[in-house]
Amino acid sequence: MNPTLETRILPAGTAAVTAAVRTLAAGGLVAFPTETVYGLGADAANPAAIARLYQAKGRPAFNPLIAHVGDLTAARKIARFDAAALKLAEAFWPGPLTLVLPKSENCVVADLATAGLDTVAVRVPAHAIARDILRAFGGPVVAPSANLSGHVSPTDAAHVESDLAGRIDLIVDGGPVEVGVESTIVGCFEQPMLLRPGGVPREDIERVLGRALPQPPQEAESDGAQPLAPGMLASHYAPRTRVRLNADSVAPGEALLTFGLHRLHGEDDAVAIMNLSPNSDLAEAAANLFGYLRALDARGATTIAVMPIPNEGLGEAINDRLRRAAVGRA
Ligand code: TXA
Ligand code: MG
């Protein structure tokens, strides 16, 4: 790892797209905005670039990556779609949905990026600058969230810079992202399964499929085989400060992450208060979640107390990320 790499930061635009494509083609690492969170991109066909990417993030190499492509045609070059997968791609792409599919015969995505699995995770992001980069680059780009492994995912370019400056080649600054939580991951096995709740609410996917979306068996119930979504380590989206869920009051020394207009006992003495959405709008709460966790993490509180968030729509993804934050770092 070369910690003294010079990280260029360019505003989103034509010059940034050109620089991003050149850097990717040369095996470099480029952070770029997607509608969910910022991604850290590398050429999916270049094992050396992918090795560098794992190193820059400090990420365990058994955790496979999502291949990002510009459209469905490009996706069909690397993965096999059955009828259900096609339905989902047509309904939600471009957008915050990732499909885990069998690799195609000529799939160019390196084994290192899929952690040796015979499936590949594929997504067509909706963000204009991401699509411009993907179309101009031509091949698939693997991109995990552009943060150090175990940290909160970045929702603006400053978050990326604070985690990865000196470790990557380029940051394309497209301002704050729209969705704020990562893509929903659906495994298209014999029967589609929800591997990770995210930016597309479960209910929308179930409506398109015309049936309920089961979750895979928990790791404890499986026979110790490789988990279906190996990245779903219990502790993942962790701030340094302890996180306490379902708070109905605030203790001295605690910071508060709140939602809606309901006030909590002790809230006037909180070290800091941030409201995910005073209007109880779950989309607004998702967009604010990671940025507010980072901001509260910097306030020196003993604990970040979090109010209960409704578990419907985008609330399922928000609660999933909050539970992981509460587990703390291993
Ligand atoms: O919104 C997003 O999905 C963002 C943006 C940048 O696109 N990316 C993202 O990537 O969240 P990452 O690497 O943080 O999460 C990818 C998840 C991991 O949990 C990983 O285990 C899972 O996808 N995954 C990747 N390939 C898989 C596969 N073949 N089978 C099962 N799970 C897979
Ligand atoms: Mg991540």
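The values are calculated or read from the model by the stated rules, or taken from the named source; none is laboratory data. Everything numeric in this text was worked out from a predicted model, so none of it was measured. Cβ sites come from the backbone with ideal geometry, for glycine too, and all protein chains shown count toward neighbours. Areas reflect the complete protein model, heavy atoms only, side chains present, ligands, DNA and RNA absent. Shrake-Rupley method; radii C 1.70, N 1.55, O 1.52, S 1.80 Å.
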If you build the convex hull over the alpha carbons only and average its shadow over all orientations, what do you get for the chain? Give it in nm² to one decimal. 16.3 nm²
Please calculate how many Å² of accessible area the chain carries per residue, with a 1.4 Å probe and no DNA, RNA or ligand atoms counted. 42 Å²
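I need the per residue convex hull volume for region 1-71, using only the alpha carbons, in cubic angstrom as a whole number.
Normalising the Cα hull of region 1-71 by residue number yields 115 Å³.
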Near-label residues of region 162-197 by backbone N, under 17 Å of a point 7 Å along Cα→Cβ of Arg22: 169-173
Could you order peptides 71-77, 180-186, 204-210 by the average number of other Cβ atoms within 10 Å of their residues, highest first? 180-186, 71-77, 204-210
As I understand it, the value is the acute angle between the Cα axis of helix 315-327 and the longest principal axis of the Cα atoms of the chain; what does it come to in degrees, rounded to 10? 80 degrees
Among DSSP beta bridges whose residues both lie in the chain, state the antiparallel percentage, nearest 5. 45 percent
Take the alpha-carbon positions of region 242-326, form their convex hull, and give its projected area averaged over all directions (one quarter of the hull surface) in nm². 4.6 nm²
How far apart, in nm, are the 7 Å Cα→Cβ label points at Ser162 and Ala212? 4.1 nm
Residue span Asn311 to Ala91: 0.36 nm per residue of separation minus Cα-Cα distance leaves a gain in nm of 76.9 nm
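Let me check against my output: what whole-number percent is the relative contact order of region 242-326, with C-alpha pairs under 8 Å and at least 6 apart?
Reported as a whole number, the value is 39 percent.
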What do you get for the angle between helix 128-137 and the principal long axis of the chain? Use alpha-carbon atoms, 0 to 90 degrees, nearest ten. 30 degrees
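Under the definition of Cα pairs under 8 Å and six or more residues apart, what whole-number percent is the relative contact order of the chain?
Working: 763 pairs, mean separation 66.1, N = 330.
After rounding, I find 20 percent.
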Computed over the Cα atoms of region 157-215, what is the ratio Rg over Rh, Rh following Kirkwood? 1.18
